[in-house]
Amino acid sequence: MASKFSSTLLLLLSILMSIQLLVSAGNFYKDVDITWGEGRGKIQEGGRGLALSLDKLSGSGFQSKNEFLFGRFDMQIKLVPANSAGTVTTFFLSSQGEGHDEIDFEFLGNVSGQPYTIHTNVYTQGKGNKEQQFHLWFDPTTAFHTYTIVWNPHRIVFLVDNSPIRVFNNHESIGIPFPKSQAMKVYCSLWNADEWATQGGRVKTDWALAPFTAYYRNINIDGCAVSSGTSSCKSIGSTNNAKPWQTHELDGKGRNRLRWVQSKHMVYNYCADSKRFPQGFSAECKSSRF
């Protein structure tokens, strides 16, 4: 009964989040550039939507026109349906260069009837190895769902339909690097990664089913745009007139939802992989998740 109630509550949150984004959504013509794919990426619905396709020759992708140092980034996505094995659909933030910072949502396809895997990771100064993976509590291919990255100097929060699935806190005080000095753009793509994406690479992309298509809608960016080294935000440490994302942290309900997602739907946690890290886990793994 409790599990059914939790699923119903998450569905209601999804509906409310979709209504909110309809009111505040940006426009793909205004906010992004399609950067690769030779016509496989197409803006639709007067700028409200964007479709990315993948065939045997190429995938496709786009990036935001602006770069940001902190913000809230919402994207509605409807993933490749049916047999999506070998495909990877992405929504992430990244800076440029060898020592780049990056905050990842990657959606790893699967054979028909098997769940997508949501792959999350955080890179700081070119180093990642902070992976957590989840299976969703709904079919992400039949309707649009909202995926969110909240990034401020204190923490990074990954949300699905406004429910937190992961929190990565700033633990610089114990020597763990945190991405806070490099501005990042939003990137989205659909590409083939059948050497590793599905069941460890055992299942390959079925090109007879191509083209594969993922749909993006209602991009919404509320962040500190950076141009020529200057941020559009005042001091982010000030609480006067701060936007919610600038001080975002989980309340009691949020912590309960996070516990539910991580106990029922997490399928991989780098903080529990002793075979991969026999020398011991990273220091932040011993700290609070919230």
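The values are calculated or read from the model by the stated rules, or taken from the named source; none is laboratory data. Note that the coordinates shown come from a computational prediction; the quantities given were computed from them, not determined experimentally. Here the Cβ is made from the backbone with ideal geometry for all residues, glycine too, and neighbour counts use every protein chain on show. With ligands, DNA and RNA removed, areas are computed over all heavy atoms of the protein, side chains included. Shrake-Rupley method; radii C 1.70, N 1.55, O 1.52, S 1.80 Å.
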Scan segment 88-119 for residues that are in a loop (DSSP other than H, G, I, E, B), under 16 Å from the mean Cα position of the chain (by Cα) and surrounded by fewer than 23 Cβ atoms within 10 Å (Cβ to Cβ) and jot them down.
-> SER95, TYR116
Residue list for segment 139-151, restricted to those being of a type outside the set (D, E, K, R) and free of Cβ contacts under 8 Å to residues at least 60 places away in the same chain = none
Being of a type in the set (Gly, Ala, Ser) and assigned to a strand (DSSP E or B), is that true of even one residue in segment 154-164?
-> yes
Among the residues of segment 152-162, is any free of Cβ contacts under 8 Å to residues at least 60 places away in the same chain, within 30 Å of ALA82 (Cα to Cα) and out of contact with any His (no Cβ under 7 Å at 6 or more places or on another chain)?
-> yes
Using beta carbons and a limit of 6 Å, which pairs, at least six apart or on different chains, have the first residue in segment 55-69 and more than 12 Å from PHE92 (Cα to Cα) and the second one assigned to a loop (DSSP other than H, G, I, E, B) and open to solvent by 40 Å² or more (accessible area, probe 1.4 Å)?
-> ASP55/PRO211
So which residues in segment 133-145 are part of a strand (DSSP E or B) and under 13 Å from LEU108 (Cα atoms), if there are any at all?
-> GLN133, PHE134
Assuming THR213 fulfils every condition listed in (1) without any contact (Cβ under 8 Å) to a residue 60 or more places away in the chain; (2) assigned to a strand (DSSP E or B) apart from one, which condition is it?
-> (1)
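Listed here are the residues, each with its yes/no results for (1) hydroxyl-bearing (Ser, Thr, Tyr); (2) in contact with a helix residue (DSSP H, G or I) (Cβ under 9 Å, 6 or more places away or on another chain); (3) within 21 Å of HIS135 (Cβ to Cβ).
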| position | (1), (2), (3) |
| --- | --- |
| MET184 | no, no, no |
| CYS188 | no, no, no |
| ASP194 | no, yes, yes |
| GLN199 | no, no, yes |
| ARG202 | no, no, yes |
| LEU209 | no, no, no |
| ARG217 | no, yes, no |
Single residue of segment 209-255 satisfying the filter (open to solvent by 40 Å² or more (accessible area, probe 1.4 Å), at pLDDT 95 or above and touching a Leu at 6+ places or on another chain (Cβ under 9 Å)) that is farthest from TRP191 (Cα to Cα) | ARG217
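Please work out if GLN182 is in contact (Cβ under 8 Å) with a residue 60 or more places away in the chain and either touching a Lys or Arg at 6+ places or on another chain (Cβ under 6 Å) or assigned to a strand (DSSP E or B) (or both).
Numbers: in contact (Cβ under 8 Å) with a residue 60 or more places away in the chain: yes; either touching a Lys or Arg at 6+ places or on another chain (Cβ under 6 Å) or assigned to a strand (DSSP E or B) (or both): no.
So GLN182 fails the test.
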Within segment 262-274, identify whether any single residue is open to solvent by 40 Å² or more (accessible area, probe 1.4 Å) and assigned to a loop (DSSP other than H, G, I, E, B), and answer yes or no.
-> yes
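Kindly establish whether GLN125 is open to solvent by less than 40 Å² (accessible area, probe 1.4 Å), closer than 29 Å to LEU69 by Cα and not acidic (Asp, Glu).
Values: open to solvent by less than 40 Å² (accessible area, probe 1.4 Å): no; closer than 29 Å to LEU69 by Cα: yes; not acidic (Asp, Glu): yes.
In short, no.
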Single match in TRP151, TRP196 (criterion: within 30 Å of LEU54 (Cβ to Cβ) and open to solvent by 60 Å² or more (accessible area, probe 1.4 Å)) = TRP196
